[in-house]
1. Scan the range 337-357 residue by residue and report those that are outside any strand (DSSP E or B), open to solvent by 20 Å² or more (accessible area, probe 1.4 Å), in contact (Cβ under 8 Å) with a residue 60 or more places away in the chain and over 30 Å from THR583 (Cα atoms).
2. Do we find that VAL433 is touching a strand residue (DSSP E or B) at 6+ places or on another chain (Cβ under 8 Å) and assigned to a strand (DSSP E or B) in this structure?
3. I'd like to check something: does the range 513-520 contain any residue that is more than 18 Å from the chain's Cα centre (by Cα), of a type in the set (Ser, Thr, Tyr) and either surrounded by 21 or more Cβ atoms within 10 Å (Cβ to Cβ) or over 23 Å from LEU445 (Cβ atoms) (or both)?
4. Those residues that are in a helix (DSSP H, G or I), open to solvent by 20 Å² or more (accessible area, probe 1.4 Å) and more than 21 Å from THR583 (Cα to Cα), I need them from the range 521-554; list them, please.
5. Inside the range 358-382, can you point out the residues that are assigned to a helix (DSSP H, G or I) and touching a residue at least 40 places away in the same chain (Cβ under 8 Å)?
6. Yes or no: LEU567 within 26 Å of PRO237 (Cβ to Cβ) and of a type in the set (A, V, I, L, M)?
7. Show the residue pairs that are 6+ apart or on different chains and have beta-carbon atoms under 7 Å apart, the first residue being within the range 435-460 and of a type in the set (Val, Ile, Thr), the second being assigned to a helix (DSSP H, G or I).
Amino acid sequence: MTTAILIVSARKNRRERVERVVLIPPPAGSASPAEPDAAPGSDASADVTGRRADATGRRADAAAPGAIAARADALATAPLLNCLLREVAEPEAAEPEAAEPEAAAPEAVEPEVAEPVAAEPEAVEPEMAERQGHEPEVAVRQMAEPRSRRGARQVHRLPSGRLLRVRGTRRPAEPEVRADGAWHRLDHRGLVDLVATELRHHTGLANPELPAEMLDSRDAVAALLAARARATPPEDPYLRSEQSLLTGHPHHPAPKTRGGGPPGGWLPYAPEAYARFPLVLLGLREDTVVEDGDTAALDALGEAPPGYRLLPAHPWQLDLARTALAPAFADGRLVRLGTTPFDTWPTAAVRTLYAPGPDLFLKFSLDVRITNDIRRLWRHDLLRLRRTDAAATRALAAVGGPAAWLSDRGYRTAGFAFEELAVVVRDGLHTHVTPGATPLLAAGLVEGFEGSPLAGTADPAHWWEAYLAAVVPPALAAFADHGVVLEAHLQNTLVAVDSAGRPVQALFRDAEGVKLLPGTERAAGWERLVYCLVVNHLTEVAAALADHHPGLDPWPAARRELARHDLPEVHALLAAPTLPGKTNLLLRWTGADGAEARYLPLPNPLAGS
């Protein structure tokens, strides 16, 4: 069946790269486009999670090109809508389920041919729905709304004055824009055009790069969906949690972009595709070695020839930096020594790999933009690594109890390619995890994966109290007693659970993101901690838990746990009407550095809980 497409000019200046909004008129006489039973990325999809069906049929349906295209559109649409609605839109009224009949679609259609629009998403197949979900950061504005409103259509006014409505709040879906007296559905490409137009109107700036990244992110999701349909997830629950982040950052406009290159260049190294691969071993001439801290674990990975030291390398980074490194291979400063006899698994950070055999994490440079930054190990961060890591190690050791810090013990690199070839050695899990417990990535608990205790707990209130007791006290104590601001967001926090799935321990990681007082002003450090721990972390876990266990109100327990800590900042937090929300869309559109976090106020669900 052919669907007419209306092309509406968004600006008169046609020299700008992004200037059109693709509108899909509703069927004649209907209130809105047909609703799927549970659109991927919508709150309704949570109802599907956990239902079991024939595994073979599910995989076949999920791998169908039409299904992949529809799911990729839906999964890429949700975080982009989250950004748009949080950062530049103003809420209007929520529409009830049964909307009034809409005006007929305009008849005039410009002759220009638009991109084909994917079919409406079908119900999420259960196995994929279990793993589908969302990475670091949450809209508290959405969290504060009652579940009864999440199925209604929320209407928002955009900077240009036009109206946009969506279904759902935590993971908004089915965007429609008002034009010529009717609501018109937008596909992902149409939404990208709309966002670009509104941001030009809002900021007065053009940015041709970001819309391309948004489209690349959507295409990356499609490639990941296709790869996952052919792959088998890891048996280890920890690795499964690390490799579950299919949607990516839920408040980033292009959370899955991988540099715009063809999928064949990056899929072999993608955690979301259940990748595993050996490290490349290089010999680095001794007179060019630069290192600091404890790097002995690197020498145990293989054997270097006389006059050389062993330097492991990420195979993707070697390919990305091949031109710059060619002279060093030619003159003998670098030699290839083969690969490790074991595989490593990429974690959620993509550039950090876990080797279960030697129980070791290795963090590499990747000259690729992932979310806000090029993921290179920058010289200035490496030079301060030992100081920040030592401070975090002392702070977590002094906290007492089971909380642990995975130390970034040291780094090794080449003087002639200091950033390109740097590798950071991080503690493994075995010496830190409580005996008998299983570590899981906090972001994976939110995203969802087979066997997740968040979804499976029979006592969600008790589970949540145990989670809070594991995560909150060590983060607050590190700040209050030691001046250490942990970057305790979902991707930097592991939560170990006992045999019953109950949280018993928190493990924190990544010295690069740690801030120290008084080098960082106390107020700025506290704002950063609140954003990472509360906005980015606890609100997202609370939302996932409430979605899986309707009727649970997570905020009174969160308030009680925070109130146990006699900090003036905590008292102010519990009384504050707002929390700081990061503006990733505006940050990327205006070309600000990824480290220059900018915040806007969001309603505080802790106030009055």
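1. Within the range 337-357, the first condition is being outside any strand (DSSP E or B), and the residues that meet it are 340-343, 347-351, 356-357.
Next, from what is left, pick out any that are open to solvent by 20 Å² or more (accessible area, probe 1.4 Å): 341-343, 349, 356-357.
Now restrict to residues that are in contact (Cβ under 8 Å) with a residue 60 or more places away in the chain: 341-343, 349, 356.
PRO341, PHE342, ASP343, PRO356, listed by residue number.
2. Criteria not met by VAL433.
3. Looking through the range 513-520, at least one residue is more than 18 Å from the chain's Cα centre (by Cα), of a type in the set (Ser, Thr, Tyr) and either surrounded by 21 or more Cβ atoms within 10 Å (Cβ to Cβ) or over 23 Å from LEU445 (Cβ atoms) (or both).
4. Those that are in a helix (DSSP H, G or I), open to solvent by 20 Å² or more (accessible area, probe 1.4 Å) and more than 21 Å from THR583 (Cα to Cα): ARG522, HIS548.
5. Of the range 358-382, the ones assigned to a helix (DSSP H, G or I) are 379-382.
ARG379, ASP381, LEU382 - these are the residues of the range 358-382 that are assigned to a helix (DSSP H, G or I) and touching a residue at least 40 places away in the same chain (Cβ under 8 Å).
6. Details: within 26 Å of PRO237 (Cβ to Cβ): no; of a type in the set (A, V, I, L, M): yes.
For LEU567, the condition - within 26 Å of PRO237 (Cβ to Cβ) and of a type in the set (A, V, I, L, M) - is not met.
7. Going by the 7 Å Cβ cut-off, the qualifying pairs are THR438/PRO237; THR438/TYR238; VAL446/LEU490; VAL446/GLU540; VAL446/VAL541; VAL446/ALA544; THR457/TRP463.
One line per residue, one yes/no per condition, for (1) under 16 Å from VAL350 (Cα atoms); (2) part of a strand (DSSP E or B); (3) small (Gly, Ala, Ser):
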| position | (1), (2), (3) |
| --- | --- |
| HIS251 | no, no, no |
| LYS256 | yes, no, no |
| GLY265 | yes, no, yes |
| PRO268 | yes, no, no |
| ALA275 | yes, no, yes |
| ASP292 | no, yes, no |
| ALA326 | no, no, yes |
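The values are calculated or read from the model by the stated rules, or taken from the named source; none is laboratory data. The structure displayed is predicted, hence computed values, not measured ones. Counting neighbours? That spans all protein chains shown, and the Cβs are built from the backbone with ideal geometry, glycine included. Calculation scope for accessible area: heavy atoms of the full protein, side chains included, ligands and nucleic acids excluded. Shrake-Rupley method; radii C 1.70, N 1.55, O 1.52, S 1.80 Å.
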